[in-house]
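As structure tokens, the structure follows; a few thoughts come after it.
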């Protein structure tokens, strides 16, 4: 009896040692299992991020294709309109140089109105997002992209390692921070000034209730200079919204690229004075071709979408903005390349 009790005690001790070894192994493997689980979790996150980036890249590729098609159509319309304007001006000067001076002065607009049906037909066949609603005078700018790469909406340059592009979490406007506005908080999703100022959940419901008499809904925001409804917006001192790109080109003496303060000087601009040769809308403020006596006018964003030659020569203290119509863009670009050299010409912003 004592012998059996001794054997039971020995077996209990052996089992106890085995359980202790088993528990020690479990404790040792537990940390490795937790690390492996955490690694699988992050791998899954990276895979989902990669798949999301692939989907976004395909989407941008399709937008790039549509943008190129729209750009080709708009360039053809602009060239046809500019040649038609010059022909109308010549005919007006020959027919009535003295009796109808008002007609000669406004021949540019006459030529643009005569080409309106043809331009509208071309714009309908393209995939551009320009609205044909002449009452509201608003249209959507196509998203600029090339081979799935993002362009800054202000300087139209791509992303680099030292100058990355930030995309607004809500409206998807893409900008360099130093071209748009200093970044206050680098943690979390980035929102542009427009999306920061207006609460999407409440403002979108309010805006959707408003509509024109023709039943079309008002845009979320509209540039006061080109009447575009998409892009990187900046707020003016009087509470309105303008494109940062339009402000730089139309207020080159009062607006500095990347400034933190609101846009000033918009009250001095005269709206509806000229007709854009691209969108054929007599709204907002237009640039005039910088080539000599050329009187062709266009919105800055329309010129950018059509591929007109636009450069900012920052050789002095104040940068000089020059924009040219479709007729003078090619020859002026070649002239600048010969004058400043290819490297210096490429460095122009």
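We did not get these values from a lab; they are worked out from the coordinates using the rules stated. Here the structure is a predicted model, which means the values were calculated and not measured. Reconstructed Cβ throughout: ideal geometry from the backbone, glycine too, with neighbour counts over all protein chains shown.
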Q) In vacuo Debye scattering of region 270-327, one point per C-alpha: log10 I(q)/I(0) at q = 0.16, 0.24, 0.27, 0.29 Å⁻¹? A) -0.49, -0.94, -1.09, -1.17
Q. For the pair residue 331 and residue 253, how long in nm is the line joining their label points, each one 7 Å along Cα→Cβ?
A. 2.9 nm
Q. At what distance in nm do the modelled label points of residue 293 and residue 271 sit from each other, each positioned 7 Å from its Cα along Cα→Cβ?
A. 3.4 nm
(Q) Suppose R0 equals 41 Å. What FRET efficiency, 1/(1 + (r/R0)^6) with r the Cβ-Cβ distance, do residue 237 and residue 313 give to the nearest 0.05? (A) 0.90
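Ranked highest first by average number of other Cβ atoms within 10 Å, how do 263-271, 46-54, 234-242 line up? Kindly include the intermediate steps, with their values, before the conclusion.
Values: 263-271: 14.4, 46-54: 10.2, 234-242: 17.8.
By packing density, highest mean first, the sequence is 234-242, 263-271, 46-54.
Rank the residues 159, 33 as a footprinting-exposure proxy: fewest other Cβ atoms within 10 Å of their Cβ go first.
On the way: 159 15, 33 11.
Ordered by Cβ neighbours within 10 Å, fewest first: 33, 159.
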**Q.** Computed E for residue 18/residue 57 - FRET, C-beta separation, R0 51 angstrom, nearest 0.05
**A.** 0.35
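Going highest first, how would you order 326-336, 220-230, 56-66 by mean Cβ packing within 10 Å?
Working: 326-336: 17.2, 220-230: 24.2, 56-66: 14.8.
Top of the packing list down: 220-230, 326-336, 56-66.
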